[in-house]
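Below: the structure, in structure tokens.
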Amino acid sequence: MATCNVTGVFRDRRGNLWPNQELIIRNASGIIGAGSAALVPASFATSTDENGEVDFDLEPGSYQISAEWSGPWGAESDRFALSVPSDQASIDIANYIDQQDAPLTPALVAEAVAAKDEAVSAAATVGTNYWPTRAEFVTWRASNTPEHGRVYTAGGVQYVGSTGATEIADLGGLMPFGQADLRHWGAVAGGESTAAIQAALNSGRRRIYVPDGTFLVSSPLSGASNIEIYGPGTLKATAALATGGSGVGQTIIDFNGKSDFTIRGVHFDMSGVSSIVASHSCLNFRGCAGHVVQGCRFTHSGAAVRSIGSERYKILDNLCMFASFDGAFYGDAVIDNWDGATVGVISRNIIIGGGVAEAGIIVTGQADTYTPSGCSRHVITSNLISGVSDVGINYHGRNGVNDDLVISDNLVENVTAFHGIMVSDCRNGSVTGNTLKNIAQVGIYLLSETASPSNGSTGAIDISVVGNAISGANQSDTANIGAITLEFAGTTRCLVAVNVISGDHHIYGIKLAGGVGGNTIGENQISGAAMTARVQDNSGTRTNRIASGEYAATATAVANCSSPSCVIQYSVNGDVVTGSFYTQITASAAGLCTWRVSLPVLSNFTSNTDARGVGANEYSNQMIVRADTTNDELEMRANALGAGMIIFYGTFSYSLK
């Protein structure tokens, strides 16, 4: 009897889509056909995909479909009736399902169980429909031809006879009945299953189920395009996992140039690998596109997911737990993206590094053995990263130069050696709404890869750092760093504003150093017991717009004075700098004294009226401030009554040009 392919959108009784919903399908009679001894399973499980669609094969007859779900009053169950016609090779489930509640009565269940028991007994007697193990079924098949349309049960899964079927090499003429399961190809829970899993991946099936149990993998598997690998089971690497060579390394599944595939719910375990080589990962993607890794568990000693030159991908809702045979981490990051990885979303993952894993998430343009190529268009959001050693999140262009990022709403905590979030050699992006706690050094770090950018490295350009909360930066008590630090030439046009910084270890709330320029530091809430300055600008450029601060100006004598000095307190509002000053000179003789002082924020003066101010001392001596258009500084003038030291206090303002 031929089977019918059942596809289409499956909806609940209210008409809603039902993605990723497990379905239990029971034959209403337990027996196929009048007088047939062919066993139909008491039930088999399948599930809708992420779009709420189904795809399975059934013989003609009447079926009950049940779905368990969690409702407002606890566990609830929906049940449906499905009639599969005998004259159709394929049907749309929406046209053949009774959406009314169709509960299984105790009498019906008892009838089905009795029918199953009768069929099992008959099969055991005749030896043609039921085998306890797959190996026994393979032996039977070697000298027998399956009947087309007949269902066979062996090793916990069901097969259906299909003339000419070749997708299962050692069971020709048979194909999976219901959902395609690794066990159909001979995978054995607790046993070596590499060849069987590879056969399943090569079968052309669009969905492969990984059932409960641990299936051992001894060499890298090759993934396929247009496939979904799903289920609650575990794929575990053996201690001596073989390497797949250059670009592959040690991995459980390698996808090379594949597209449009999904991996969902599977547990990947690399914790027992003890023969270590480079490029160590649970999943390895090379030049792939349109793929999703969602809801998986990774027990990893290197990367959980490693992507090289891949695009249009999502890594969502995964749990990554570090564990290795010797306590060491073998890789660069838990979620590791290299060389031209573009258009990616990395969201809602939990990464637990055990204080050893180097980085939580890396997106970098640096080459490994490949041509450097920058990464671009990534959203990294709502991840929890705890206990890594080097960097929580590292968006690192290097020679490739990265573009366009969003790093938002992540929790990064307990980084043991270096930084919380690091953005270097990247253009255009935002770092917003993140929470960082107990970070060894810098909480948020914007920089160029080198002090003198070259070979394509650019620094961090046009990056907004807004609305982040940093508590407990610089746990290592490293000298001369800030909770937020901008460093090295090329880091420019960045905005740092409305951040909250607290803790007992950071020396500066915000630090600018190494030639950064053209950045704006807005209103930030900064406190700290060990802090020596809220904002420290050691860049040497004086082109950074700091909303407010104190500046020790460089003072130069011009006429009739010596040893000038000046300290300025200032604020920036739009294109206007205002402030107050304290200045001191030693007059050489009575008469007009002139000196000039450097600007806290550089400007290009064109008229001596571009700056203005006044001052006085306790003896009512007056002074004026105006613009020095030659040196772009403040020129200060005062009449001395005689030789000697004079101190003035005053206010000023000037325009930024």
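The values are calculated or read from the model by the stated rules, or taken from the named source; none is laboratory data. Because the structure is a prediction, the values reported are computed rather than measured. Don't worry about glycine lacking a Cβ; one is built from the backbone with ideal geometry, like all the others, and counts go over all protein chains shown. Note: areas computed on protein heavy atoms with side chains; ligands, DNA, RNA excluded. Shrake-Rupley method; radii C 1.70, N 1.55, O 1.52, S 1.80 Å.
Here residue 371 meets each of (1) open to solvent by less than 20 Å² (accessible area, probe 1.4 Å); (2) of a type in the set (Ser, Thr, Tyr); (3) at pLDDT below 95 with one exception, condition (1).
With the condition kept exactly as written, say whether any residue in region 261-277 is among the charged types (D, E, K, R) and under 16 Å from residue 231 (Cβ atoms).
To start, the set of residues in region 261-277 that are among the charged types (D, E, K, R) comprises 264, 269.
Remaining after also requiring under 16 Å from residue 231 (Cβ atoms): 264, 269.
Scanning region 261-277 turns up at least one residue that is among the charged types (D, E, K, R) and under 16 Å from residue 231 (Cβ atoms).
If you go through region 380-432 and keep only what is aliphatic (A, V, I, L, M), more than 14 Å from residue 443 (Cβ to Cβ), part of a strand (DSSP E or B) and modelled with pLDDT under 95, you end up with just 405. Only residues that are free of Cβ contacts under 8 Å to residues at least 12 places away in the same chain, surrounded by fewer than 16 Cβ atoms within 10 Å (Cβ to Cβ) and within 21 Å of residue 60 (Cα to Cα) were counted across region 144-181, and they come to 1.
Give the residues of region 617-631 that are open to solvent by 30 Å² or more (accessible area, probe 1.4 Å) and touching a Gly at 6+ places or on another chain (Cβ under 9 Å), sorted by residue number. I'd like the intermediate steps shown before the answer.
Of all residues in region 617-631, those open to solvent by 30 Å² or more (accessible area, probe 1.4 Å) come to 618-620, 622, 624, 626, 629-631.
Those that are open to solvent by 30 Å² or more (accessible area, probe 1.4 Å) and touching a Gly at 6+ places or on another chain (Cβ under 9 Å): 622, 624, 626.
Only one of the numbered conditions (1) surrounded by 24 or more Cβ atoms within 10 Å (Cβ to Cβ); (2) under 21 Å from residue 341 (Cβ atoms) is violated by residue 508, and that is (2). Test residue 273 against the stated conditions and say whether it is under 24 Å from residue 189 (Cβ atoms) and open to solvent by less than 10 Å² (accessible area, probe 1.4 Å). Judged against the criteria, residue 273 is a match.
The numbered conditions (1) buried (at least 24 other Cβ atoms within 10 Å of the Cβ); (2) touching a residue at least 40 places away in the same chain (Cβ under 8 Å); (3) more than 16 Å from residue 385 (Cβ to Cβ) are all true for residue 310 except (2). Please work out which residue is modelled with the lowest pLDDT, limiting yourself to region 38-60 and to residues that are open to solvent by 20 Å² or more (accessible area, probe 1.4 Å) and in a loop (DSSP other than H, G, I, E, B). Per the stated criteria, the residue is 42.
Of everything listed in (1) outside any loop (DSSP other than H, G, I, E, B); (2) closer than 21 Å to residue 341 by Cβ; (3) of a type outside the set (A, V, I, L, M); (4) in contact with a Gly (Cβ under 9 Å, 6 or more places away or on another chain), the single unmet condition for residue 464 is (2). Restricting attention to region 595-611 and to residues that are among the β-branched types (Val, Ile, Thr) and open to solvent by less than 10 Å² (accessible area, probe 1.4 Å), the residue that is modelled with the lowest pLDDT turns out to be 601.
In region 11-37, the residue that is modelled with the lowest pLDDT out of those that are hydrophobic (A, V, I, L, M, F, W, C) and either closer than 14 Å to residue 64 by Cα or open to solvent by 30 Å² or more (accessible area, probe 1.4 Å) (or both) is 34.
Can you report the number of residues in region 511-549 which are part of a strand (DSSP E or B) and either within 22 Å of residue 581 (Cβ to Cβ) or open to solvent by 30 Å² or more (accessible area, probe 1.4 Å) (or both)? Can you show your working first?
To start, the set of residues in region 511-549 that are part of a strand (DSSP E or B) comprises 511-513, 520-521, 525-526, 533-538, 545-546, 548-549.
Still in the running and either within 22 Å of residue 581 (Cβ to Cβ) or open to solvent by 30 Å² or more (accessible area, probe 1.4 Å) (or both): 512, 520-521, 525, 533-538, 545-546, 548-549.
Number satisfying all stated conditions: 14.
Answer yes or no as to whether residue 345 is out of contact with any Gly (no Cβ under 9 Å at 6 or more places or on another chain), part of a strand (DSSP E or B) and surrounded by 24 or more Cβ atoms within 10 Å (Cβ to Cβ). No; evaluated as a whole, the condition is false for this residue. State yes or no: is residue 361 of a type outside the set (Phe, Trp, Tyr) and in a strand (DSSP E or B)? Yes, satisfied. Hey, can you tell me all the residues within region 454-487 that are within 27 Å of the chain's Cα centre (by Cα), of a type outside the set (Gly, Ala, Ser) and at positive phi? Selection gives 462, 474.
Of a type in the set (Ser, Thr, Tyr), out of contact with any Cys (no Cβ under 6 Å at 6 or more places or on another chain) and under 27 Å from residue 250 (Cβ atoms) - does that describe any residue in region 156-176? Write out each step before concluding.
Pass one, region 156-176, residues of a type in the set (Ser, Thr, Tyr): 159, 162-163, 166.
Imposing the further condition that a residue be out of contact with any Cys (no Cβ under 6 Å at 6 or more places or on another chain) reduces the set to 159, 162-163, 166.
Pick out the ones that are also under 27 Å from residue 250 (Cβ atoms) and you get none.
No, there is no match, as no residue in region 156-176 is of a type in the set (Ser, Thr, Tyr), out of contact with any Cys (no Cβ under 6 Å at 6 or more places or on another chain) and under 27 Å from residue 250 (Cβ atoms).
Looking at the structure I just gave you, is residue 187 under 37 Å from the mean Cα position of the chain (by Cα), hydrophobic (A, V, I, L, M, F, W, C) and in a helix (DSSP H, G or I)? Outline the logic, then answer.
Working: under 37 Å from the mean Cα position of the chain (by Cα): yes; hydrophobic (A, V, I, L, M, F, W, C): yes; in a helix (DSSP H, G or I): no.
In short, no.
If you go through region 632-657 and keep only what is under 51 Å from the mean Cα position of the chain (by Cα), among the polar types (S, T, N, Q) and surrounded by fewer than 15 Cβ atoms within 10 Å (Cβ to Cβ), you end up with just 651. Can you give me the number of residues within region 429-441 that are touching an Asp or Glu at 6+ places or on another chain (Cβ under 9 Å) and closer than 19 Å to residue 363 by Cβ? Total satisfying the criteria: 5. Of all residues in region 75-111, which are under 42 Å from the mean Cα position of the chain (by Cα), at pLDDT below 75 and either open to solvent by less than 30 Å² (accessible area, probe 1.4 Å) or hydrophobic (A, V, I, L, M, F, W, C) (or both)? Matches in region 75-111: 75 only. Do we have residue 449 as within 27 Å of the chain's Cα centre (by Cα), outside any strand (DSSP E or B) and in contact (Cβ under 8 Å) with a residue 24 or more places away in the chain here? Considered against the rule, which asks whether it is within 27 Å of the chain's Cα centre (by Cα), outside any strand (DSSP E or B) and in contact (Cβ under 8 Å) with a residue 24 or more places away in the chain, residue 449 comes out as yes.
Between 328, 333, 304, the distinction of being small (Gly, Ala, Ser), under 18 Å from the mean Cα position of the chain (by Cα), in a loop (DSSP other than H, G, I, E, B) and closer than 18 Å to residue 392 by Cα belongs to 333 only.
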